[in-house]
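Structure first, commentary second.
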């Protein structure tokens, strides 16, 4: 049982040191984390706390060993492992033992009082040597700490650069995919708008022929109000066509809706006397716009083809492309 008792005491001492070492590691890690000059994360702060706690435990252990080395304990009076009956002493034996111990104490005290100068000098040299070793150990520990800080700084910088590279790549990858999808969407929109472009232009052509037919005959207009409503409907289709044309060929609307004097005041094939002046003005306006639209259609067709097959990423004015539906 005595052996188990010794083992239990050794385990307890080891547990005390481990507990103290763990607490000091936590304290030093927290202190390192609070140092704004290094801006360390918890992993770096933990390694610094671990190393610092070990350094402190080493210094404390060395100090305790040195203290016990120069201040030894007196040997025990009796061996505790002996049976209790053998350790019982008579009063005379106890008195003799006390006298012997007292004489030994006086002799030791006298020797300590009359120690020679040489012995004192040797003692000083030993203390100086221990102090020198402690200083070297401290310098080595400080150098190791500085090297550890430099390594942690390099690791932190590498992590920061890797994170920056990843963010850059992620942004470029996302932006590239977004641009690709926008280009595909733009190409499909252009394909859809080219279909409406051709359909509206065909409707404009057919409607203009209906408007011009009674004028070309020279017999006047049987129903002037209905004829004017046809012109209004024709202009509505022209406005829809210009939405597409203006997006893909900037400036088309201004060119189509111009009324040059040399065209307006020039010679016309119809007899102006057969209709009213207002009807003449309306017909000339529509005829000139239709002439301009046919001239601009070539440029619009070319731009639509470019957007569909060659450069879909080229957007007109930066806005979303128009999407005309069946209800327009």
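The values are calculated or read from the model by the stated rules, or taken from the named source; none is laboratory data. None of the values given here were measured: they were computed from a predicted structure. All Cβ positions, even for glycine, are placed from backbone atoms using ideal geometry, and neighbour counts span all protein chains on display.
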Could you please let me know if residue 214 is buried (at least 17 other Cβ atoms within 10 Å of the Cβ) and farther than 17 Å from residue 201 by Cα?
yes
Which pairs have Cβ atoms under 9 Å, sit 6 or more apart or on different chains, and link a residue in the range 250-273 that is modelled with pLDDT of 80 or more to one that is surrounded by 12 or more Cβ atoms within 10 Å (Cβ to Cβ) and in a loop (DSSP other than H, G, I, E, B)?
250/316; 270/218
Go through the range 146-158 residue by residue and tally those that are in contact (Cβ under 8 Å) with a residue 12 or more places away in the chain and either on the phi > 0 side of the Ramachandran plot or surrounded by fewer than 14 Cβ atoms within 10 Å (Cβ to Cβ) (or both).
1
Given the residues 292, 250, which is the only one that is under 24 Å from residue 195 (Cα atoms) and not in a helix (DSSP H, G or I)?
250
Condition check: surrounded by fewer than 14 Cβ atoms within 10 Å (Cβ to Cβ) and out of contact with any helix residue (DSSP H, G or I) (no Cβ under 9 Å at 6 or more places or on another chain). Does residue 19 satisfy that?
yes
Can you find even one residue in the range 202-212 that is under 30 Å from residue 298 (Cα atoms), modelled with pLDDT under 75, assigned to a helix (DSSP H, G or I) and out of contact with any helix residue (DSSP H, G or I) (no Cβ under 9 Å at 6 or more places or on another chain)?
no
Flag if residue 239 is free of Cβ contacts under 8 Å to residues at least 40 places away in the same chain, in the same structural domain as residue 303 (by TED's automatic domain parsing) and under 60 Å from the mean Cα position of the chain (by Cα):
yes
